[in-house]
Amino acid sequence: MFRKVHLYLTALCAGITTVIILVMSLLYLFLSEKELYETQYRSFQNDINTIATSLEQQSVISMEWLSKMESRSGYTFYALDNDVPFLYNRLTSLSANPDMPDLLSSCLDAYKNSFEYTYIQEELNNGGLYNTCFHSEFPFNPAGGKHEYYAGVIELEKNAASLQIVILSPLQFLQEQIMRQRIRFLLIGVTAIVLLTLFSFFFTGRVLQPVIESRRQQTAFVAAASHELRTPLAVILSAAECCRNAEKENRIRFLDTIRQESEFMSSLVNDMLTLSASDSHSFSMHPCPVELDTLLINTSEAFEPLAAKKKQSLSVSLPENALPPCTADGERIVQLLSILLHNAISYTPEGGCIELSLTHKKNRFYLSVSDNGPGIPAEDRKKIFERFYRAEKSRSAKGHFGLGLSIASEIVKLHHGSITVGERVGGGSVFTVALP
């Protein structure tokens, strides 16, 4: 299931980013190409204006001047004197390109009939060589498709004579530049999409890890809870069946067994409900200033009878100086200490010693519960706070389900503290809780 979700999320993330990249790239290419065409067109207009100004000062349009202007600007010049082509065009341009007459004819037709153009007309009243001179520029494509040329027409009139200069600027180089830009963007876009797909696959995998881990823990929790509940339920059902035909004395013994197993089940269910409340963030907390030394003394006194039953010594170590109050939930701290003390008493052999201590350093309180029991192996210390986890040697019928330390860890987290377990000098284990 999670594999499909992983693939779906990867496809979704990659698809969204791909669409964004495509839209932004196409928009950029459109604006960039438009700007390139407009820049080229403005440059062409400026050149035509310069050429027109130069023509106004020419009394004779020579072949040498036309050749020099073509080689300098890269444009194609076509001159007509009273609608008669110059000899230059027949000797050079027309011979080099047989289609040039048709091209220029189409350009003039477009200039006269098809395009709505604006032109600049200058009346020469300062003693110039021509009476009037005006020029016009327009995009031109003889095939009727995308523009392949920028065309400019300069008209000079003097008395009854007229001179026309048609100038064509091919856009082949500009279109090749645009094509190279499109190819570069295509390669960059494909590379970016591939990298984003890989990143999406990795990122969604990392995002799903907590969900997968939570599902794994939930499955393990349900399986472990079912296992823990199955044994006392089987004992209860067996004892209830035996009660039917048992004598009075045996019936009382069977009823005691049912009561004992029911208490174990009630304890397990309560612990599971506590952890469920923690998972749903409904773990109640009522922080207020509390005296931790008082809580330690009261809790140790409550567990003294249980420790005395196993002939264990239970001591409390407090600092000599007065301690400031700690902002915490007093009931939860008592629950935390009860869990640690109950574990210590349960797993410490008869005649052992258990110590409960409190210290205060650098604005932090340190609560510790130590015992001289069998201790906890180093490989088990990292897992000891997991739900239903118990070391192999402690899997005995002592009323422990492996949830107490998980609850203790949740209580510490709610107080923004930390809990660690270490080895006591001389053997045993030490649980240390740090509270701000």
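Please treat every number below as a calculation from the coordinates, not as lab data. Just so we're clear, the structure is a prediction, and the values are computed from it rather than from any experiment. Note that we place each Cβ from the backbone using ideal geometry, even for glycine, and neighbour counts take in every protein chain shown.
The table that follows gives values for the structure above.
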{"read-out": "Reachable aspartates and glutamates from Lys383, criterion Cα separation under 14 angstrom, eight or more residues apart if same chain", "value": "Glu392"}
{"read-out": "Segment 288-435: antiparallel DSSP beta bridges as a percent of all, rounded to 5", "value": "85"}
{"read-out": "Taking Met63, Met1 and counting other C-beta atoms within 10 Å, the order from fewest to most", "value": "Met1, Met63"}
{"read-out": "Charge tally in the Cβ shell below 12 Å around Glu137, where Lys, Arg are +1 and Asp, Glu are -1, Glu137 excluded", "value": "0"}
{"read-out": "Computed label-point distance, nm, for sites Leu27 and Gln335 using a 7 Å Cα→Cβ extension", "value": "5.3"}
{"read-out": "Only Lys, Arg (+1) and Asp, Glu (-1) charged, at Cβ; the chain dipole about Cα centre in debye", "value": "2640"}
{"read-out": "Ser214-Asn363 pseudo-label distance in nm [points 7 Å out on the Cα-to-Cβ vector]", "value": "3.3"}
{"read-out": "Local net charge near Arg424, Cβ-Cβ under 14 Å (Lys/Arg +1, Asp/Glu -1)", "value": "-2"}
{"read-out": "Point-charge dipole on Cβ atoms (K/R +1, D/E -1) for segment 288-435, about Cα centre, debye to 20", "value": "480"}
{"read-out": "Ordering of 345-358, 305-318 by packing [mean C-beta count within 10 Å, highest first]", "value": "345-358, 305-318"}
{"read-out": "For Cys326, Cys242, order by how many other beta-carbon atoms lie within 10 Å, fewest first", "value": "Cys242, Cys326"}
{"read-out": "Label-to-label distance, nm, for residues given as Lys413 and Ile16 (7 Å Cα→Cβ offset)", "value": "2.7"}
{"read-out": "Along each principal axis, Cα extent of the chain, largest first, Å", "value": "141, 62, 36"}
{"read-out": "With Cα atoms, 0 to 90° folded angle of helix 330-347 axis to the chain main axis", "value": "60"}
{"read-out": "Other-chain or far-sequence residues with amide H under 5 Å of Gly375's (modelled H)", "value": "Gly428, Ser429"}
{"read-out": "Per-q log10 I(q)/I(0), segment 288-435, q = 0.10, 0.11, 0.16 Å⁻¹ (Debye; single scatterer per alpha-carbon; no solvent)", "value": "-0.32, -0.39, -0.85"}
{"read-out": "Positive-pole candidate from Gly426, Leu55, Gln335, dipole of the chain, charges at beta carbon", "value": "Gly426"}
